[in-house]
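I have placed the structure first, in the form of structure tokens, so that the comments after it can refer back to it.
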């Protein structure tokens, strides 16, 4: 039963259900190893939750990697990613507001007959002295 299921959610759910009814911990470890080697960390994370806590695992083995994947994928609160996105969105909004403020002040200055930027060389844009 260590052959991996297809990548659809229903196939993975059926696979997990079959393993939850089975008490073969060596076969479950083989399935977890196959999931890690098959680059399916979410499936491995779901499978590792079916293991008993008293099963001995290698510290850097595939089961330990699957436990780390489970901690990251399944136990991380979903709103953490949203918080990062909201902070990024707010920072972008502040930068956009500051940029628009600079642009509008230049446009207003030109409308009042002033140049938008003050030259540091004493020359205008065409190179003529002021």
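The values are calculated or read from the model by the stated rules, or taken from the named source; none is laboratory data. Predicted model, so just to flag it, every value in this text is computed and none were measured. Here the Cβ is made from the backbone with ideal geometry for all residues, glycine too, and neighbour counts use every protein chain on show.
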Residue 82 being modelled with pLDDT of 80 or more and exposed (fewer than 13 other Cβ atoms within 10 Å of the Cβ): no
Residues (within 22 Å of the chain's Cα centre (by Cα), surrounded by fewer than 13 Cβ atoms within 10 Å (Cβ to Cβ) and assigned to a helix (DSSP H, G or I)) located in the range 4-49: 9, 37
